[in-house]
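For reference, the structure is listed below as structure tokens.
The values are calculated or read from the model by the stated rules, or taken from the named source; none is laboratory data. Remember, predicted model here, so these are calculated numbers, not experimental data. Ideal geometry is used to build each Cβ from the backbone, glycine not excepted, and the neighbour counts take in all protein chains shown. Protein only, heavy atoms only, side chains kept; ligands, DNA and RNA dropped before computing areas. Shrake-Rupley method; radii C 1.70, N 1.55, O 1.52, S 1.80 Å.
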Amino acid sequence: MMLCLYLATKVTEEPRKQRDIINVGYILANLATPSPCFLQVNSPLFNSLRYTMTQGELILMRVLGFNVNVELPHTWIATILYGMAWWRDNGHPPDDTEAVDTRVKQIASTAWRLANEVVVAGLVDRFPARSIGAACIVAALRAHKEPLPAKTLDEWAKLWAKTSGFQLALIQQAIEQNESSNFN
């Protein structure tokens, strides 16, 4: 746990000192003791934990192929919905100062929730983020019984997701399977 947290702070450009991660992890692991305390910086246990964390970081980075950046579908949800609003208004950008239609807010909220579930389920490795975002929007439109703003799913997918309707259907199927397994 300490290793993953340490690596996450590096990736998000909010690095924490290894000493701080080790001390907090040590205290959390030893809450059952009467009075857990911080480790001394040059103590044998501290040095052992620091060495283990450094080695673990190298191993984890090798396993991940040194690729710790993952594109998330949330950006694409916002981009596609904004583009759809632009398209709906005949090429005029939506006025950000106007009150956004509550229907659009509900669709965006549902799509965002689905994207969160996709990320938690680990599906972001299987499909492009743009396609996942588009599939979440289509699922949200269907959930709110809103029509797809195109003649066919394939036409909409080519326009907004630069993919096929078949791929969006596959992603939606994966999302539905994940949701059904969470309820069982």
Worksheet, complete the sentence: From the option list ARG113, ARG142, ARG130, single residue qualifying as among the basic types (Lys, Arg), in a helix (DSSP H, G or I) and under 16 Å from GLY83 (Cα atoms) is ARG130
Worksheet item: Can you tell me how many residues in segment 129-149 are open to solvent by 70 Å² or more (accessible area, probe 1.4 Å) and either at pLDDT 80 or above or among the hydrophobic types (A, V, I, L, M, F, W, C) (or both)?
Response: 3
Worksheet item: Does ARG50 count as outside any loop (DSSP other than H, G, I, E, B) and either exposed (fewer than 10 other Cβ atoms within 10 Å of the Cβ) or touching a Ser or Thr at 6+ places or on another chain (Cβ under 6 Å) (or both)?
Response: no
Practice prompt. Would you mind telling me which numbered condition in (1) over 20 Å from the mean Cα position of the chain (by Cα); (2) within 28 Å of LEU168 (Cα to Cα); (3) touching a residue at least 24 places away in the same chain (Cβ under 8 Å) VAL70 fails?
Written response: (1)
Worksheet item: Of (1) open to solvent by 40 Å² or more (accessible area, probe 1.4 Å); (2) closer than 27 Å to VAL70 by Cβ, PRO44 satisfies all except one. Which?
Response: (2)
Worksheet item: Restricting to segment 150-178, what's the tally of residues that are open to solvent by 60 Å² or more (accessible area, probe 1.4 Å) and not in a helix (DSSP H, G or I)?
Response: 3
Discussion item. All but one of (1) at pLDDT below 85; (2) surrounded by 14 or more Cβ atoms within 10 Å (Cβ to Cβ) hold for GLU98; state the number of the condition that does not hold.
Written reply: (2)
